[in-house]
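Q: Once you've had a glance at the structure underneath, I'll fire off some questions.
The values are calculated or read from the model by the stated rules, or taken from the named source; none is laboratory data. Since this is a predicted model, take the numbers as computed values, not measurements. All Cβ positions, glycine included, derive from the backbone under ideal geometry; neighbour counts span all protein chains shown. What goes into the accessible areas is simple: the full protein's heavy atoms, side chains included, and nothing from ligands, DNA or RNA. Shrake-Rupley method; radii C 1.70, N 1.55, O 1.52, S 1.80 Å.
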Amino acid sequence: MTTTATVTDLLDPASSAYKKARRQHFKTTKNRTHPDADWTPFRAAEKKYKARFPPPDLSDVLDLALADAAREQEVEAGVWRGRADAADVREGGAGCKAYVVPSIPGLVILPGFLTATKQRELVRYCLREHARHPNETNLDTHYLLPPEGLWNADPTLLISPRAPPDPSTSTSPGPRQLIANTPASPTTFHTLAATPKPPAVPSPTVPSLAARALLPRLRWANIGWFYHWGTKQYDFARGREPVGGVLREVCRDAVRSVPWGEVFREGETQSGWGKAGPDWGTWEESYEPDAGIVNFYQAKDTLMGHVDRSEVCATSPLVSISLGNAAIFLIGGLTRNVEPVPILLRSGDVVIMSGPACRRAYHGVPRILENTLPSHLAHSDEEADDWTPFATYLENARINVNVRQVFPKGFEPGLSTATPSTL
C-alpha cells in the first residue's frame, strides 16, 4: 500500500521518490507515440488525471470541501486538494449546502451531505447486504458465487468458475468492444425492450479462488431493474429487485433537499424536456429510484467517459453517492468535444445529474486518489471489531452508488414490476 508520505513525496519535484518516478516514466514511454493532437478535450482531461507521472496538478479541480472549515482535517490528511474556486458555481438556495454549476444546467453538488454514521451504514449495506443474490454482480457471469455473497462467506471458501477450464483458450480477452446503444425514449422503448438479450458467456480461463482473493475483483452490483451489459439496455423481462431501505431514503432525501427553482431558474430552462415540459417541480414527490449500480473501485481503477442512454426518462435525477477514498469526476457536455469540469469528490459527497443537458452529458472517473480515506472510515483502536474488515477493505477502495429513475412520470411501459422470484 502507498503511504501518505510517499504521496507527499511524489508531489515534490525535489524528492527522491519524484525523481525515481520520473526515471521510470521516461523508461517506459520513450518509444511510445503521442497521438495527443487527435484527442478530444474530454479524452485529454482523462489522460491528464490518469497520469501517474507527473502527478496531476489539481489546481483546476473543483474541491468544495475546502469551503467547509469542518472538513479541514480530512483535506489535510489526504494530501490531494483542488480549489474551491476552480469552477464557476453558485449556492443553490438560502440555508442549503447545495452548489449549482451554471455551465452544466442540472448538475448539483451536495458536499458532505452524508454524516459519518450514514456513510458507515451505506458501506455496510453495499458490501454485506447488497452485493449478493438476488442482485447480480460482475462476478456472477464467471463464478458460482455463494448465495450469501462474497463478503459474508468464509474467507477461505474456494469459489469455482462456471465454465470448465479450457487450456486451448487464450488468456488475453483482446481489446474492449465499445457499444453505441440507441438512446432509450418513450418512442424507442418497445423496440429496445424486445431486442434479444442473450446471457453473457462465462470465461473458460478464470481460476478457482478463495473468497478473500476474489473480493477485490468485485466491480459492480446491480440495483433494481436488471441491466444487460451486452446491449447496454435494461432487461425488463427479468423484472426488478426493490430499491428500499437506507438507499431509497438517502436518494429521496437528497432530491428533496435541493431547491430546484434555483437550479432551473426562469429564463435558463433548456429544451429537451419532452412534450410535457420541465417536471422538476414534481420531483419532491414523483422521484422514485428504481434502477442503478453500486461501483466498487480499487485504487487504480477508472471509469471511461460515457453517456447514460438507457433510461426512458432522460431528465429525472440520477443520484451519485461517494464513499471511501476520493476521486476525480469529469463531466462535460453532449459530445466529447466539450471540455469537462473536473470535480474532486470525497466520501459523503452526493452529486445529482438532472435535466436534459446534464443527464445525457459525458462523464467519467479517471482517477481514484490514494490515501484519502477519511478518519471516520479508517481503523481505530477504539472501534468494535465489526468495523475492522470494512476499514481494511476501504484502505484502497472507493464505493460509488448511483441510482436513477427509468420511466418518466405517467409513462406506462406495460411491464410486470414483480421481482424475478415471483415472475
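Q: Within segment 349-370, how many residues are outside any loop (DSSP other than H, G, I, E, B) and either within 16 Å of the chain's Cα centre (by Cα) or among the charged types (D, E, K, R) (or both)? Outline the logic, then answer.
A: Step one: of segment 349-370, the residues outside any loop (DSSP other than H, G, I, E, B) are 350-353, 355-359, 363-369.
Those still in the list that are either within 16 Å of the chain's Cα centre (by Cα) or among the charged types (D, E, K, R) (or both) too: 350-353, 358-359, 363-369.
Number of matching residues: 13.
Q: What is the number of the single condition among (1) in a loop (DSSP other than H, G, I, E, B); (2) under 21 Å from the mean Cα position of the chain (by Cα); (3) over 28 Å from MET304 (Cβ atoms) that LEU114 does not meet?
A: Of everything listed in (1) in a loop (DSSP other than H, G, I, E, B); (2) under 21 Å from the mean Cα position of the chain (by Cα); (3) over 28 Å from MET304 (Cβ atoms), LEU114 misses just condition (3).
Q: Collect the residues in segment 180-216 that are more than 30 Å from GLN405 (Cβ to Cβ) and open to solvent by 70 Å² or more (accessible area, probe 1.4 Å), keeping them in residue-number order. Give the derivation first.
A: Going residue by residue through segment 180-216, those that are more than 30 Å from GLN405 (Cβ to Cβ) are 201-216.
Correct list: VAL201, ARG212.
Q: Right, here's the next one. Being among the aliphatic types (A, V, I, L, M) and modelled with pLDDT of 95 or more narrows it down to one of LEU192, LEU214, so name that one. Step through it out loud before you land on a result.
A: On the way: LEU192 fails: modelled with pLDDT of 95 or more.
Unique residue meeting the criteria: LEU214.
Q: Which of the following residues is of a type in the set (A, V, I, L, M), part of a loop (DSSP other than H, G, I, E, B), surrounded by fewer than 22 Cβ atoms within 10 Å (Cβ to Cβ) and in contact (Cβ under 8 Å) with a residue 40 or more places away in the chain: LEU373, LEU415? It would help to see each step written out before you state the result.
A: On the way: LEU373 fails: surrounded by fewer than 22 Cβ atoms within 10 Å (Cβ to Cβ).
Of LEU373, LEU415, the one residue that is of a type in the set (A, V, I, L, M), part of a loop (DSSP other than H, G, I, E, B), surrounded by fewer than 22 Cβ atoms within 10 Å (Cβ to Cβ) and in contact (Cβ under 8 Å) with a residue 40 or more places away in the chain is LEU415.
Q: Which one of these is in a loop (DSSP other than H, G, I, E, B) and in contact (Cβ under 8 Å) with a residue 60 or more places away in the chain: ASP301, ASP386? Can you show your working first?
A: On the way: ASP386 fails: in contact (Cβ under 8 Å) with a residue 60 or more places away in the chain.
Going through ASP301, ASP386 in turn, the sole match is ASP301.
Q: Would you check if there is a residue in segment 207-219 being part of a loop (DSSP other than H, G, I, E, B), under 23 Å from the mean Cα position of the chain (by Cα) and not polar (S, T, N, Q)?
A: Filtering segment 207-219 down to residues part of a loop (DSSP other than H, G, I, E, B) leaves 207-208, 218-219.
When the remaining residues are screened for being under 23 Å from the mean Cα position of the chain (by Cα), the result is 218-219.
Cutting the leftovers down to not polar (S, T, N, Q) gives us 218-219.
Yes, segment 207-219 has at least one match.
Q: Kindly list, by first and then second residue, each pair from a residue in segment 244-256 that is free of Cβ contacts under 8 Å to residues at least 60 places away in the same chain to a residue that is open to solvent by 30 Å² or more (accessible area, probe 1.4 Å) and part of a helix (DSSP H, G or I), limited to pairs with Cβ atoms under 6 Å and residues at least 6 apart or on different chains.
A: Short answer, once both residue conditions are applied: ARG256/GLU284.
Q: Identify all residues within segment 242-273 that are part of a helix (DSSP H, G or I), buried (at least 18 other Cβ atoms within 10 Å of the Cβ) and of a type in the set (Gly, Ala, Ser); write none if there are none. Explain how you work it out, then say what you get.
A: Let us first name the residues in segment 242-273 that are part of a helix (DSSP H, G or I), namely 245-256, 260-263.
Narrowing the set further to residues that are buried (at least 18 other Cβ atoms within 10 Å of the Cβ) leaves 247, 250-252, 254-255, 260, 263.
Matches in segment 242-273: ALA254 only.
Q: May I ask you to verify whether ARG404 is of a type outside the set (Phe, Trp, Tyr), open to solvent by 10 Å² or more (accessible area, probe 1.4 Å) and at pLDDT 95 or above?
A: On the way: of a type outside the set (Phe, Trp, Tyr): yes; open to solvent by 10 Å² or more (accessible area, probe 1.4 Å): yes; at pLDDT 95 or above: yes.
So ARG404 fits the description; yes.
Q: Filter segment 274-297 for residues that are touching a helix residue (DSSP H, G or I) at 6+ places or on another chain (Cβ under 6 Å) and either open to solvent by 20 Å² or more (accessible area, probe 1.4 Å) or within 18 Å of CYS358 (Cα to Cα) (or both) and give the result.
A: Step one: filter segment 274-297 for residues touching a helix residue (DSSP H, G or I) at 6+ places or on another chain (Cβ under 6 Å), giving 280, 283-284, 287, 289, 294.
Result: TRP280, TRP283, GLU284, TYR287, PRO289.
Q: Return the total of residues in segment 183-195 being part of a loop (DSSP other than H, G, I, E, B) and more than 11 Å from PHE236 (Cα to Cα).
A: Of all residues in segment 183-195, those part of a loop (DSSP other than H, G, I, E, B) come to 183-188, 194-195.
From what's left, more than 11 Å from PHE236 (Cα to Cα): 183-188.
Residues in segment 183-195 being part of a loop (DSSP other than H, G, I, E, B) and more than 11 Å from PHE236 (Cα to Cα): 6 in total.
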